[in-house]
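Peer 1: First the structure, which I've put down as structure tokens, then a few questions once you've had a look.
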Amino acid sequence: MNGKVRISIKNTGRCEGTETIQLYIRNMADKEGPQKTLRGYQQVTLKAGESRTVEIDFPRNSFECWDATTNTMRVVPGRYELMAGSSSADKDLKKAVVRVK
């Protein structure tokens with residue numbers, strides 16, 4: 001699977017600026033695992049008032065996590081929360097749930 005994440009962003013300021021879009025995942029079934037793990041990012045420069053949709057590559061191996069059952073790093077099938085935003089703070093993140101087979 002060679003997926004992409006699309007994120008719409010807008011510079012609401014009065015001058016040009018650069019933002020770093022960050023992508024995090026969380027395995028929803030892993031109650032002992034991390035709340036979020038950084039899996040991708042992209043810097044984007046926008047002029048004042050400019051909007052853009054950014055595409056970030058997000059291949060299947062982006063969902064690779066520690067599997068305690070097999071004691072290996074691997075893509076564990078299941079539901080994942082995908083989070084994207086300008087920081088790791090929950091208030092800055094847009095969230096979606098995806099299923100990985």
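The values are calculated or read from the model by the stated rules, or taken from the named source; none is laboratory data. For clarity, every value in this text was computed on a predicted model and none was experimentally measured. So basically every Cβ, Gly included, is an ideal-geometry build from the backbone, and we count neighbours across all protein chains shown. For the accessible areas, the whole protein counts, side chains as well, though only heavy atoms, and no ligand, DNA or RNA atoms are used. Shrake-Rupley method; radii C 1.70, N 1.55, O 1.52, S 1.80 Å.
Peer 1: Placing unit charges on C-beta atoms (Lys and Arg positive, Asp and Glu negative, everything else neutral), compute the dipole magnitude of the chain about its Cα centre in debye, rounded to 20.
Peer 2: 320 debye
Peer 1: For the chain, take the convex hull of the Cα atoms, compute a quarter of its surface area, and give me that in nm², please.
Peer 2: 6.6 nm²
Peer 1: Ordered by residue, what ³J(HN,Hα) values in Hz, to whole numbers, does the stretch 65-80 give under the Karplus form 6.51 cos²θ - 1.76 cosθ + 1.60, where θ = phi - 60° and Gly and Pro are x?
Peer 2: 9, 6, 10, 5, 5, 9, 6, 9, 8, 6, 7, 8, x, x, 8, 10
Peer 1: For the chain, which whole percent of the accessible surface, found with a 1.4 angstrom probe, sits on carbon and sulfur atoms?
Peer 2: Ligands and nucleic acids excluded, carbon and sulfur give 47 percent.
Peer 1: With the dipole of the chain worked out from charges on the C-beta (+1 for Lys and Arg, -1 for Asp and Glu) around the Cα centre, which of W66, L38, A96 lies farthest toward the positive end?
Peer 2: The residue sitting most towards the positive pole is A96.
Peer 1: What's the extension gain from T69 to E16 if we count 0.36 nm per residue and subtract their Cα-Cα distance?
Peer 2: That pair, T69 and E16, stretches by 14.2 nm at full extension.
Peer 1: Collect residues whose amide H, placed 1.01 Å from N in the peptide plane, falls under 5 Å from the amide H of M28; neighbours closer than 5 in sequence don't count.
Peer 2: Answer set, sorted by chain and number: R79, Y80, E81.
Peer 1: So, one more: Give K47/K95; K4/K91; K36/K95; K4/K94; K47/K94 a once-over and call out the pairs whose C-alpha atoms are over 20 Å from each other.
Peer 2: In this structure, K47/K95; K4/K91; K47/K94 exceed 20 Å between Cα atoms.
Peer 1: Post the alpha-carbon centroid distance, the stretch 1-39 to the stretch 43-84, in whole angstrom.
Peer 2: 7 Å
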